Amino acid sequence: MISMKNLYILIMLGVLLAPSLVVINWSNAQQTATVTQVAGAADANNPQFFVPPELTVTVGTTVIWTNDDSATHTVVSGDVNDPDNWGKVFESPLNKPRQTFEFTFDTPGEYPYLCTLHPWMIGKIIVVEDLIAPPPEGTMTGTNLDLNINPMLPFDRMTNEKVTLSFTAKAKELGGASISPGKIDHLDYKVVITKDGTEVWSEQFHDHDGNLELQITPSSGSITVTGGEGQGTTGPFMVSGPIFTENGNYAISGQIVGIEFNPLPSPLKDDFSMEVVPEFPITAILPMVVAFGAVIAFMRLRLKPKSII
């Protein structure tokens, strides 16, 4: 029989070891994703079969298929129109109702699959190295370029001295989702800013890293452009002049006009919009001053002591 002292020691050891066991269990946990074979999927007229029908996961993810239908199904890799290659990557046994099948994807790529018993049931798993992070807050996305504006819109020219426009090249003509260092070293940009259909400013820039940064300081006088120097990259260009000095909506056209010193027959461009909000106008201040003065005068009349007769 275990004495009370020994029992106390065992309980204390269990308390001390339990957290470490939990940590080990969590650290070894595998990333998973689920797909459901929905009820009624055996019927070709059912609105859904595999849910979701297309799933994007990262390398190393285990996908678990669950059969929520009353019929038996399979999960077999391959294109429905290429039966000779069915099952080359994965193939489940007969998956009966409430049973599951799982497979771990270790190689990036696209993996179509189907239920061979009901070939109208098709799906796809897309495996990537890393899921693409959403663009930074304040970024407007285009086909060939993304534009990040800092501070975020609308731009208040009374609160902020300058606004930064950051263009990121991602046109397919660059050979990927974005410019590839070592493959493309030179890009020629053109930026055109208009207001109410009238051009405010346009300029062409040469860039080395695919990220064109313009720090624009609204001011009076002529427009000046400085900066841009860098070793293998392009630093920010500082632009000063009468740009964004008036309230309203501006159109910003970002254009890639040359790649590796070769002019393009037509620019790769995207158009964006930017709003400059009004500063607090004097016409709004005057009524407030008048109203405030009237209140003060009224209060003085109310507080004035009565004359003693």
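Brief remarks on what is shown
- Inter-residue pairs, beta-carbon under 7 Å, first closer than 11 Å to Thr56 by Cα and part of a strand (DSSP E or B) and in region 114-132, second modelled with pLDDT of 90 or more and among the acidic types (Asp, Glu), 6+ apart: Lys124/Glu54; Lys124/Glu110; Ile126/Glu54; Ile126/Glu110
- Residue match in region 253-275 (condition: modelled with pLDDT under 65 and out of contact with any Lys or Arg (no Cβ under 6 Å at 6 or more places or on another chain)): no
- If the condition is being among the small types (Gly, Ala, Ser), touching a residue at least 24 places away in the same chain (Cβ under 8 Å) and farther than 17 Å from Ser273 by Cβ, then region 139-175 contributes Ala169, Ala171.
- Reported count of residues in region 217-227, each being modelled with pLDDT under 90 and within 23 Å of Phe272 (Cα to Cα), is 0.
- Qualifying residue in region 54-74 (condition: assigned to a loop (DSSP other than H, G, I, E, B) and in contact (Cβ under 8 Å) with a residue 60 or more places away in the chain): yes
- Looking across Thr245, Thr224, one residue alone is surrounded by 12 or more Cβ atoms within 10 Å (Cβ to Cβ), in the same structural domain as Lys162 (by TED's automatic domain parsing) and of a type in the set (S, T, N, Q). It is Thr245.
- Tally, over region 75-105, of residues that are in a loop (DSSP other than H, G, I, E, B), touching a residue at least 40 places away in the same chain (Cβ under 8 Å) and more than 22 Å from Ala44 (Cβ to Cβ): 1
- Candidates Val76, Val38, Val59: the one that is surrounded by 12 or more Cβ atoms within 10 Å (Cβ to Cβ) and at pLDDT 95 or above is Val76.
- Exactly one residue out of Ala18, Ala71 is modelled with pLDDT of 90 or more, over 20 Å from Lys124 (Cβ atoms) and among the aliphatic types (A, V, I, L, M): that is Ala71.
The values are calculated or read from the model by the stated rules, or taken from the named source; none is laboratory data. What you see is a predicted model; the values in this text were computed from it and never measured. Quick reminder, even Gly has a Cβ in these numbers, built from the backbone with ideal geometry, and neighbours come from all protein chains shown.
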